[in-house]
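Each remark here refers to the structure printed beneath this line.
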Amino acid sequence: MFIPRIALALLLLAPAFAIDKTPLKDALVTHEWGTFTSVAGPDGRAVRWAGLLGPADLPCFVERLTDWNPKLLAGAVRMETPVLYFYSPRPVTISVGVTFPQGWVTEWYPKASSVKPTAYAISSQQVYRSDRTKPLGGGEIRWDAVDVLPGPDLEYPQGKGASPYYAARHTGSAPLRIGEQQEKLIFYRGIGDFEIPVRPVFRGSALEVSNSSAETIPLAIVFENRGGKIGYRKLPGLQDTVLVETPELTANLADLETELVEYLVEFGLYRAEAKAMLETWSDSWFEEGMRVIYILPRAAVDAVLPLEVVPAPASVARVFVGRVEVLSPWMRKQIEMAAAKSDVPALEKFGRFLMPFAGQIQRTTTLPRASIEEAAGRLVQRQLSGPGCVQ
């Protein structure tokens with residue numbers, strides 16, 4: 001369901017501080033939020049990349065598709081931390097299924113009834129080859145006999161180390177029990193090879209942001225962080241292509257976070273869910289660099305990631321935030337300077353985006369590959385030598 005364009009424009013130009021919504025009386029309600037992370041190539045399309053250079057961020061009790069590190073898997077879009085919440089006035093048992101036609105589900109909790117593909121169907125070439133021509137596909141996960149138990153919180157698993165995973169529990173959703181496992185939500189994560197609608201391309205000093213889909217993007221935000229100074233420009237109701245001057249770095253991050261919570265509420269989340277989503281992802285969304293943050297149309301979410309809940313809820317909200325990393329002229333200069341000086345520690349700071357960015361620069365400029373490869377090697381070794389999860 002889409003908000004009329006005039007009403008949407010008014011809403012986005014002056015966010016309303018809406019009263020938090022509450023679940024429908026005597027009805028099962030399902031809410032979900034999640035993120036899609038991608039890296040824009042020279043033409044704005046998402047390029048295939050691997051997240052191995054990023055730090056481990058999930059607790060060790062979270063289950064995996066297989067014993068290899070999921071960050072080894074390359075794809076165009078990383079589906080990070082979708083979580084499902086359920087609200088009901090009385091106990092109810094439901095089944096939940098998510099299909100991922102153009103990707104795989106790689107991590108989840110609680111224990112699933114079934115997952116496709118199985119670990120045994122995955123070859124090492126599929127995992128390690130980032131230049132493979134066959135895209136990922138056929139993903140599916142199901143949880144049968146999910147007991148929704150409204151009332152006081154139950155005892156949930158807890159690791160010793162800090163993880164953004166736990167912030168998602170800070171809501172008023174009903175506790176869940178699946179078999180012997182208890183949780184406040186259903187969590188899953190994956191990676192896919194599908195087209196995203198937002199395509200950012202630099203045209204001189206300005207950024208051209210295009211919507212390649214037939215659906216209006218409710219909201220897009222061009223965000224930049226240079227050494228802690230931030231700026232952003234909002235693009236409400238993005239239908240086709242706009243040319244945006246890079247934002248002045250004079251904004252206040254707290255103001256943006258407040259606005260984002262209000263937007264997420266208006267697009268369907270309860271206030272506690274919106275705050276939990278921001279608490280989970282604020283460090284990542286607003287880290288140094290440039291990106292376009294956008295809200296996916298509900299139709300796009302349903303097409304990429306069909307959801308089935310039985311019995312059917314009276315109301316379902318699915319709010320997904322896309323994030324497209326952009327190689328800005330400033331970031332390009334930083335990488336070139338660090339590579340020229342063989343400043344490996346400086347290159348390591350680019351983390352999981354180092355290799356896709358360096359690959360783009362290499363198209364037009366000869367970079368000293370030794371320092372790039374040394375930095376990437378250190379990051380990979382750090383990942384592989386660690387536990388791969390937060391203890």
For the chain, modelled as a GNM with alpha-carbon contacts under 10 angstrom, which of SER95, SER205, SER371 fluctuates the most? SER205
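What Kirkwood radius, in Å to one decimal, follows from the Cα pairs of the chain? Working shown, then result.
Numbers: mean 1/r = 0.0459 Å⁻¹.
One decimal place: 21.8 Å for the Kirkwood radius.
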Expressed as a percent, the portion of alpha-carbon pairs in the range 144-293 spaced more than 21 Å apart is 58
Integer Hz, Karplus 6.51/-1.76/1.60 couplings in order for the range 218-233, x for Gly and Pro: x, 7, 10, 10, 8, 10, 9, 10, 10, x, x, 8, 10, x, 7, 10
Considering the options VAL83, VAL316, ILE196, tell which one lies farthest towards the positive end of the dipole of the chain, charges being +1 on Lys and Arg and -1 on Asp and Glu at the Cβ, about the Cα centre. ILE196
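Could you order PHE267, PHE187 so the one with the most accessible surface comes first? Probe is 1.4 Å.
Working: PHE267 45, PHE187 0 Å².
The ranking, largest first, comes out as PHE267, PHE187.
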Under unit Cβ charges (Lys, Arg +1; Asp, Glu -1), what dipole magnitude, rounded to 20 debye, does the range 236-340 have relative to its Cα centre? 260
PHE353 accessible area, 1.4 Å probe, all protein chains in place, Å² to nearest 10: 10
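Below 8 Å, C-alpha to C-alpha, sequence gap of six or more: please give me the relative contact order for the chain in percent.
On the way: 846 pairs, mean separation 91.5, N = 391.
Taking the mean separation of contacting Cα pairs over the length of the chain, I get 23 percent.
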Assign unit charges at the C-beta atoms only (+1 for Lys and Arg, -1 for Asp and Glu), then state the dipole size of the chain relative to its Cα centre in Debye, rounded to the nearest 20. 680
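Could you report the chain's accessible area per residue, 1.4 Å probe, as an integer in Å²? Before the final figure, lay out the partial values.
Working: 16880 Å² over 391 residues.
Each residue of the chain exposes 43 Å² on average to a 1.4 Å probe.
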In a shell of Cβ-Cβ distance under 11 Å around ILE221, excluding ILE221 itself, what net charge do Lys and Arg (+1) and Asp and Glu (-1) give? +2
Which residues' amide hydrogens lie under 5 Å from the amide hydrogen of GLY54, considering only partners 5 or more residues apart or on another chain, with H built in the peptide plane? ARG352
Which residue, chosen from ALA162, SER114, LEU72, occupies the Cα position most advanced towards the positive end of the dipole of the chain, where the dipole is computed from +1 (Lys, Arg) and -1 (Asp, Glu) charges on Cβ about the Cα centre? LEU72
When the convex hull of the C-alpha atoms of the range 237-304 is computed, what volume per residue in Å³ does it have? 129
Just add up the charged neighbours of GLY34: K/R +1, D/E -1, any other residue whose Cβ is under 14 Å from the Cβ of GLY34. 0
Ranked highest first by the average count of other Cβ atoms within 10 Å around their residues, in what order do 142-148, 272-278, 253-259 fall? 272-278, 142-148, 253-259
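Tell me the carbon and sulfur percent of the accessible area for the range 286-344, rounded to whole percent, probe radius 1.4 Å. Kindly include the intermediate steps, with their values, before the conclusion.
Numbers: 1120 of 2090 Å².
That fraction is 53 percent.
Work out the length of the dipole vector of the range 27-76 about its Cα centre, built from +1 on the beta-carbon of each Lys and Arg and -1 on the beta-carbon of each Asp and Glu, and round it to the nearest 20 debye. Let's see the in-between values first.
Numbers: 4 positive and 5 negative charges, 36 e Å.
For this selection, approximately 180 debye.
Within the set of other residues whose C-beta is less than 13 Å from the C-beta of GLU63, count the net charge using Lys and Arg as +1 and Asp and Glu as -1. Spell out each step's value before the answer.
Details: positive: ARG64, LYS111, ARG189; negative: ASP67, GLU107, GLU183.
Around GLU63, the surrounding residues sum to 0.
The values are calculated or read from the model by the stated rules, or taken from the named source; none is laboratory data. From a predicted model like this one, the values you see are computed outputs, not experimental measurements. All Cβ positions, even for glycine, are placed from backbone atoms using ideal geometry, and neighbour counts span all protein chains on display. The accessibility values were calculated without ligands, DNA or RNA, using every heavy atom of the protein model including side chains. Shrake-Rupley method; radii C 1.70, N 1.55, O 1.52, S 1.80 Å.
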